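Enquirer: Here it is, the structure, as structure tokens.
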Amino acid sequence: MASGMRIGLVGPLPPPSGGMANQTLQLAKLLRAEGATVELVQVNRPYRPHWIGGLKGIRAVFRLIPYLAHLWQSAAHVRLFHVMANSGWSWHLFAAPAIWIARIRGIPVVVNYRGGEADAFFDKSFAWIKPSLRQTDAIIVPSGFLEAVFGKRGFSTSIVPNIIDLSRFSAETGVASPWKTNNPHIIVTRNLEPIYDNGTVLRAFSIIKQTFPGAMLTIAGIGPERQALEKLAAGLGMTEAVSFTGRVDNEGMADLYRRADIMVNPSLADNMPISVLEALASGVPVVSTDVGGVPYLVEHGKTALLVPVNDPAAMAGAILTLLNEPAKARQISEAGIASVQQYTWPKVRDRLLAVYEQVLAKKQTSH
């Protein structure tokens, strides 16, 4: 039981809303409901003063110093750190310092590694990463994909899946269905960054429009690619059919799924995308690239349709299959709804608490 546990939860918080930030916030709420005391150590606190955020390079120092101070203070009165970790600079600036401060302060640390680009990141930087990993008391990952990434480098992990909130994302709210419309609404709920390859969706959508002239595409997210993607949509003659929503909060995202017929995940690298879980829970059929942890999350032809990366024709073909074969679309939708039950808090809770209890017990016996 989590009752009485004092946990330092280290990770990002919204805004902006994103997979890891939303999971951090949700986990804190769920653990508190179990009776745990949770102190959030936020890695992306607003800059003080606000104008520092406009100074690249210098702003990192203004965020890092208060963060390290908060970690140090928190470690004095929590029993363990749970660190939400990602690849790249996020690891070096936020996860690694949390691990070493926990070690210095004598509390156990659980690293919750979530980066879909982990394999490439480890290939490039493992000599820097390995010493910190050796200081952890447990490593948890959301999928078998990351379990394999760590395993081939000699580190054992426990799988604790991402959590889906079925009170927010649910097919019971009356999702539109692709077998009911000649004007399908296709959505993408990934940010506008190169890794998510939204350009391939636009090219695939231009193929869809040949068969379904009334089709609409909504791309919900923010990022540096927006101007280039708007230009591409215009070049393909689809400005009126493509909507860029910008940032969408959690409630707005749930509403978007309710109005969607198909969700597309075009990413070039991925682990266990929350957006795919949200779509499945909402009863929206999913077409996704077959990268990273996605094939561990969904089964091609059963709970989603998977396509190669950067292949607009294959992506369009999968979308058209769902639109043209109502029975198949319904079957995939229903199987997707059933599959997400394993990612609800009651299913995930025992796995996570077992890890906490294990590291705390190990700590007690070592004294």
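Enquirer: Measuring from a point 7 Å past the Cα of residue 195 along Cα-to-C-beta, which residues in the range 60-102 have an amide N at less than 11 Å?
Expert: Those under the cut-off are 86-91.
Enquirer: Okay, next question. Over 32 Å between Cα atoms, which of 130/363; 152/363; 130/362; 124/328; 152/347 qualify?
Expert: With Cα atoms farther than 32 Å apart: 124/328.
Enquirer: Please report the relative contact order for the chain, taking Cα pairs under 8 Å with a sequence separation of at least 6, and give it as a percent rounded to a whole number.
Expert: Answer for the chain is 16 percent.
Enquirer: At residue 334 and residue 363, where each label point lies 7 Å from the Cα along Cα→Cβ, what is the point-to-point distance in nanometres?
Expert: 4.8
Enquirer: Go through the range 277-344 and name the GluC sites (Glu not before Pro) that are in a DSSP coil and have 13 or fewer other Cβ atoms within 10 Å of their Cβ.
Expert: none
Enquirer: Follow-up question, since we're still on this one. How do 312-318, 246-252 rank on mean C-beta neighbours within 10 Å, highest first?
Expert: Taking the mean over residues of other Cβ atoms within 10 Å, the ranking is 312-318, 246-252.
Enquirer: Same structure, new question: Taking Cα extents along the principal axes in Å straight from the coordinates, which label in (i) 63, 44, 42; (ii) 68, 44, 36; (iii) 73, 58, 45 is the correct one?
Expert: The value matching this structure is (ii).
Enquirer: Which whole number of Å³ per residue matches the convex hull of the alpha-carbon atoms in the range 171-342?
Expert: Hull volume normalised by residue count: 97 Å³.
Enquirer: Order the peptides 25-38, 226-239 from the highest to the lowest mean number of other Cβ atoms within 10 Å of their residues. Don't jump to the answer; show the numbers that get you there.
Expert: Values: 25-38: 16.8, 226-239: 14.4.
Going from most to least packed, we get 25-38, 226-239.
Enquirer: Could you check the spin-label model distance between residue 153 and residue 250? Points 7 Å from the Cα along Cα→Cβ, value in nm.
Expert: My value for the distance between the label points is 3.1 nm.
Enquirer: Among 322, 23, 213, pick out the residue whose Cα is farthest towards the positive end of the charge dipole of the chain, where Lys and Arg carry +1 and Asp and Glu carry -1 on C-beta, about the Cα centre.
Expert: Towards the positive end, the residue furthest out is 23.
Enquirer: Antiparallel versus total DSSP beta bridges in the chain: what percent is that, nearest 5?
Expert: Expressed as a percentage, antiparallel bridges in the chain total about 5.
Enquirer: If you put +1 on each Lys and Arg Cβ and -1 on each Asp and Glu Cβ, how big is the dipole of the chain around its Cα centre, in Debye rounded to 20?
Expert: Values: 35 positive and 27 negative charges, 244 e Å.
Roughly 1180 debye for the chain.
Enquirer: Let me ask another. Multiply the residue gap between residue 299 and residue 37 by 0.36 nm, knock off their C-alpha separation, and tell me the result in nm, one decimal place.
Expert: Result for the pair: 90.6 nm of gain on full extension.
Enquirer: What is the antiparallel percent of DSSP beta bridges lying wholly in the range 171-342, to the nearest 5? Provide the component values of the computation, followed by the final result.
Expert: Working: 1 of 18 bridges.
Here the share of antiparallel DSSP bridges comes out near 5 percent.
Enquirer: While we're here: Tell me what the chain gives for mean residue ellipticity at 222 nm when only DSSP H runs of n ≥ 4 count, each as -39,500 (n - 2.57), the sum divided by the residue total, rounded to 500 deg cm²/dmol.
Expert: Only helices count here, giving -13500 deg cm²/dmol.
Bear in mind that the values in this text are calculations on the coordinates, not laboratory data. Keep in mind that what you see is a predicted model, and the values were worked out from it rather than measured. Don't worry about glycine lacking a Cβ; one is built from the backbone with ideal geometry, like all the others, and counts go over all protein chains shown.
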